[in-house]
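Taken together, the values in this text are just the output of simple stated rules run on the coordinates, not laboratory data. Just so you know, these numbers come straight off a predicted model, no measurement behind them. Glycine gets a Cβ as well: all are built from the backbone with ideal geometry, and neighbour counts include every protein chain shown.
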Amino acid sequence: MKTMSLRGIEPEVAERLESEARRRGVSINAHVLQLLRQGVGLAVPGKRRPVYRDLDQLAGTWSDQEASDFEKSLSAFEQIDEELWR
């Protein structure tokens, strides 16, 4: 794949690209690539990338303290209630 750089992007164009990418839940790069595909006639109508409803966007965002607090909160679930297994 080729890498390209764009220069001279007007602030209002940049703001619109960022806003639309955020609205769609994609990166600016992915949004611009889609617009380029459409502009040169390579976009497949009706075909969209899947939208995932998982927690990937949270990966790596917790501080050490937040991770520690989370682990402590889960510790009670690691205890086996012997009475339930009799």
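Values computed for the structure shown
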read-out: Angle in degrees between helix 28-39 and the longest Cα principal axis of the chain, rounded to the nearest 10; value: 40 degrees
read-out: Förster-model FRET efficiency, 35 Å R0, Ala76 and Tyr52, C-beta, rounded to 0.05; value: 0.70
read-out: Most mobile of Leu55, Leu36, Leu74 in a GNM of the chain (Cα contacts under 10 Å); value: Leu74
read-out: Calculated on alpha-carbon atoms, Rg and Dmax of the stretch 11-79 in Å; value: 19.0, 59
read-out: Ile28-Glu66 FRET efficiency (beta carbon distance; Förster radius 25 Å; 0.05 resolution); value: 0.35
